[in-house]
Amino acid sequence: VQLQASGGGLVQAGGSLRLSCAASLRAFGTYTMAWLRQAPGKERELVSAISYSGVGIYYADSVKGRFTISRDNAKNTVTLQMNSVKPEDTAVYYCAKDAAPYYYTADITRFDTWGQGTLVTVSS
């Protein structure tokens, strides 16, 4: 399984970024996918998750109304649209998959595979 996140970079506060994750994952459409992030000196946190069908969606309170997660099961991709970014959004963002198919949760401990991550830096 390989999860390749891309799209990070330097952006000013209030700006936008679009993160993408390309998954080389058999039966991608059966797994809940998520974006996690880890800021320097902080624990990794769950930012957003999307169920295998795309119906179930979770957002951390800190990003609600600003970030949008989506997936394309035909292309094995998951995307995180980040709008109105804030300096506190600065972190390495990781794409992750649930440990088992056909299971939807917002429990960070369920996500067992992460890609290399992409760095997002928001300047004030």
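The values are calculated or read from the model by the stated rules, or taken from the named source; none is laboratory data. Being a predicted model, the structure only gives us computed values, none of them experimental. Note that we place each Cβ from the backbone using ideal geometry, even for glycine, and neighbour counts take in every protein chain shown. Only protein heavy atoms, including side chains, enter the accessible area calculation; ligands, DNA and RNA are left aside. Shrake-Rupley method; radii C 1.70, N 1.55, O 1.52, S 1.80 Å.
Give the residues of the range 40-95 that are over 14 Å from the mean Cα position of the chain (by Cα) and of a type in the set (A, V, I, L, M, F, W, C), sorted by residue number.
V55, A74, V85
Residues of the range 36-76 being among the basic types (K, R) and either closer than 19 Å to F111 by Cβ or open to solvent by less than 40 Å² (accessible area, probe 1.4 Å) (or both), which ones?
R37, K42, R44, R66, R71
How many of the residues in the range 77-102 are open to solvent by 40 Å² or more (accessible area, probe 1.4 Å), touching a helix residue (DSSP H, G or I) at 6+ places or on another chain (Cβ under 7 Å) and either within 16 Å of G14 (Cα to Cα) or of a type outside the set (G, A, S) (or both)?
Of the residues in that region, 2 qualify.
Could you please give the count of residues in the range 5-26 that are more than 11 Å from the chain's Cα centre (by Cα), part of a strand (DSSP E or B) and of a type outside the set (G, A, S)?
4
Identify, from the list N83, N76, the residue that is on the phi > 0 side of the Ramachandran plot and polar (S, T, N, Q).
Residue meeting the stated conditions: N76.
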